[in-house]
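Scroll down for the structure; my scribbles are underneath it.
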Amino acid sequence: MSQIYVLDAGVLFSDWTSKIPDGLFVTTSSVLEEVRNRPSKLRAEMLTLLDRLQEDFPAPESLKAVRLAADKTGDKSVLSEVDIEIIALAHSKKSLGAITTLVSTDLAVLNTARHLGLTVLDPSRRFKHEIVWALKCPACKHKSRFRTTNLECPVCGTIMRRYVHKKHKSR
Ligand SMILES: [Zn+2]
């Protein structure tokens with residue numbers, strides 16, 4: 001079975017795909033939508049013509065699993081719907097038994113994917129450790145491991161900031 005690379009928009013904006021002679025690239029329709037309005041549109045079109053890039057969509061169970069994982073890592077507040085879909089697509093492929101690597105330069109995407117046990121690749125090489133985020137209030141210093149989309153401090157109402165709660169060494 002050939003290797004599948006699930007690509008986010010940032011990777012399609014770069015020339016990373018030209019360095020990978022084998023394997024199949026897949027991405028979501030919302031990522032292609034982002035690419036369509038950029039100069040990298042031509043690259044995506046060429047890859048599609050060469051049968052190397054396919055459009056696919058994640059299974060609903062995978063979307064659920066990704067949201068749950070992003071809650072746990074604390075990345076949920078910075079992940080867009082497009083981000084969640086691309087991680088979920090990689091999760092779906094893996095669930096079907098494919099050999100899948102999620103390629104992204106977005107640290108929150110990589111972090112959540114890693115937490116789900118997916119193989120990740122960061123062409124920018126900035127992603128080193130899996131991080132668990134927590135929240136801290138810059139005003140009253142209240143700390144919270146309880147992560148919701150509501151970022152207001154329960155003590156004083158200031159918008160809390162993310163900080164690194166735990167780092168795991170990359171596997
Ligand atoms: Zn506070």
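A few notes on this one:
- Taking amide H as placed 1.01 Å from N in the peptide plane, V120 has its amide H under 5 Å from the amide H of L102, each at least 5 places away in sequence or on another chain.
- With each label modelled as a point 7 angstrom along the Cα→C-beta vector, the Q3-D56 pair spans 1.6 nm.
- Cβ-Cβ FRET estimate between R161 and D71, R0 fixed at 25 Å, reported to 0.05: 0.90
- Residue order, fewest to most beta carbons within 10 Å, for K19, K167: K19, K167
- Cα gyration tensor of the range 1-115 - equivalent ellipsoid semi-axes, whole Å, descending: 23, 16, 12
- Contact order for the chain, expressed relative to its length and based on alpha carbon pairs under 8 Å spaced 6+ residues apart, stands at 21 percent.
- The chain: most fluctuating residue of D122, D71, D51 per GNM, C-alpha cutoff 10 Å: D51
- Compactness relative to 2.2 N^0.38 Å, alpha carbon Rg of the range 63-171: 1.13
- With 0.36 nm allotted per residue and the present C-alpha distance subtracted, the M46-V78 stretch has 8.4 nm of extension available.
- Most mobile of T158, T101, T28 in a GNM of the chain (Cα contacts under 10 Å): T158
A short reminder: the numbers here are calculations on the coordinates, not readings from a lab. These numbers were taken from a predicted model, which means no experiment stands behind them. Heads up, the Cβs are rebuilt from the backbone with ideal geometry, glycines too, and the neighbour counts pull from every protein chain shown.
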